[in-house]
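What follows is a single structure, written as structure tokens, with notes after it.
Taken together, the values in this text are just the output of simple stated rules run on the coordinates, not laboratory data. No experiment lies behind these values; they were computed from the predicted model shown. Because the Cβ atoms are built from the backbone with ideal geometry, glycine has one as well, and the counts that use them run over all protein chains shown.
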Amino acid sequence: MDADDLELFSRSVRHALLEHEGAAIDGALNDLGWAEALEEEPQTATQVLFELLGRESATSSSLDLVLSRAGGLTSPMGSFVLPPIGSTELPGDADGATILVRGLVRAHQEPAKVTVCFQAGSRVLAGYLATEHLTFRAVHGLDPTLGLMEVEGSAPMTKLIIDVEEPWWTSIVAAGSLAVSHELLGASRAMLELARTHALERVQFGQSISNFQAVRHRLAEAYLAIESAEALVIAAWEDGSAFSASMAKAFTGRQARVAAAHCQQVLAGMGFTAEHPYHHFLRRVVVLEQLFGGSSTLTTSLGAELLASRSLPALFPL
């Protein structure tokens with residue numbers, strides 16, 4: 001996709017997010033051909049859509065397509081069950097012919113079927129489950145607009161779709177981690193833009209507060225946090241390993257929180273009001289930081305992996 005095509009694609013995706021809400025966004029993206037773009041250029045399609053989802057505080061079920069593609073599935077049937085909040089563990093476990101499910105789905109309403117990956121002895125399998133035996137609960141916490149639902153219970157498998165080894169689940173987690181990292185970057189950029197605009201418009205002591213060195217330092221620190229996180233996410237795409245994707249997710253989540261803190265300081269009291277849009281992005285950052293593992297959890301597991309392997313990953317080229 002050349003520069004002109006990329007610009008047109010980005011504008012079209014943004015228009016779809018701004019002109020539609022809820023499930024209508026999925027339909028608009030489908031008409032736009034985003035799924036086809038994901039197959040042809042997964043990095044570009046993921047980066048464009050998920051950063052815009054973060055910037056516009058919108059939501060869609062496109063993550064299901066990202067995870068299905070990473071798992072080699074033609075298309076998801078219903079919603080893809082994500083790991084529980086703060087975890088990267090498999091959301092399902094086999095108990096005879098019944099699958100025990102505990103995880104999350106990102107959906108606008110209760111799906112009729114779900115795609116779930118589960119442990120069966122030493123194997124990792126995936127299958128379709130009808131949901132009449134499962135319990136769904138909308139997550140209303142910090143960001144109810146994100147469209148997360150907790151799902152748990154036990155259900156018989158409708159159809160086995162894949163029987164694979166453990167690295168398969170790792171590749172799905174890696175794809176989800178990169179997608180969520182881009183969404184975190186988009187939300188972080190939106191917060192920075194709100195803080196920058198406020199600094200230019202707010203007047204104290206007869207001048208714009210953007211002239212104050214302390215305010216400029218806060219904005220610069222937020223900008224540095226976002227740009228450094230983006231650099232690692234792009235490097236993780238180029239490296240292609242699950243280890244790099246986990247590093248990118250851990251670092252991006254942490255840097256998004258850093259950027260949020262600096263932007264809050266610039267916005268001061270305005271950032272605490274319900275009338276100002278800042279809180280929408282802060283809420284989203286806090287929740288997204290925990291999807292596919294929080295920063296502290298991922299850092300601990302990555303460190304344990306390095307100690308166990310007694311080797312360091314290759315350095316990214318500078």
*Mind sorting T197, T46 by how few other Cβ atoms lie within 10 Å of their own Cβ, fewest first?*
T197, T46
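What list do you get for H217, H279 if you sort them by fewest beta carbons within 10 Å?
Fewest-to-most Cβ neighbours within 10 Å comes out as H217, H279.
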_I'd like the distance separating the alpha-carbon centroids of region 42-100 and region 242-256, in whole Å._
17 Å
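How large is the Kirkwood hydrodynamic radius of region 3-70, in angstrom, based on all distinct alpha carbon pairs? Working shown, then result.
On the way: mean 1/r = 0.0847 Å⁻¹.
Across region 3-70, the inverse of the average 1/r is 11.8 Å.
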*May I ask for the Rg/Rh ratio of region 79-164, computed from Cα atoms with Rh as the Kirkwood radius, given to two decimals?*
0.97
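Could you give the dipole magnitude of the chain about its Cα centre, charging the beta-carbon of Lys and Arg +1 and that of Asp and Glu -1, in debye to the nearest 20? Let's see the in-between values first.
Details: 21 positive and 37 negative charges, 224 e Å.
Roughly 1080 debye, rounded to the nearest 20.
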*Over region 193-318, what number does the Rg to Rh ratio reach, with both radii from the alpha-carbon atoms and Rh per Kirkwood?*
1.09
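In whole Å and largest first, what semi-axes does the C-alpha gyration tensor of region 1-127 yield when each eigenvalue is scaled by 5 and square-rooted? Walk me through the numbers before you get to the answer.
Values: eigenvalues 184, 48, 29 Å².
For region 1-127, the ellipsoid semi-axes come out as 30, 15, 12 Å.
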*Give a residue-ordered list of calculated ³J(HN,Hα) values for region 237-251 (Karplus: 6.51 cos²θ - 1.76 cosθ + 1.60, θ = phi - 60°; whole Hz; x for Gly, Pro).*
4, 5, 6, x, 9, 5, 4, 5, 4, 5, 4, 4, 5, 4, 5
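From the square roots a ≥ b ≥ c of the eigenvalues of the alpha-carbon gyration tensor of the chain, which class results: rounded (a/c under 1.5), prolate (a/b over b/c), or oblate?
Details: a/c = 1.80, a/b = 1.56, b/c = 1.15.
Here the chain falls in the prolate category.
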_Sorted by Cβ neighbour density within 10 Å, fewest at the top, the residues V13, V114, V203_ = V203, V13, V114
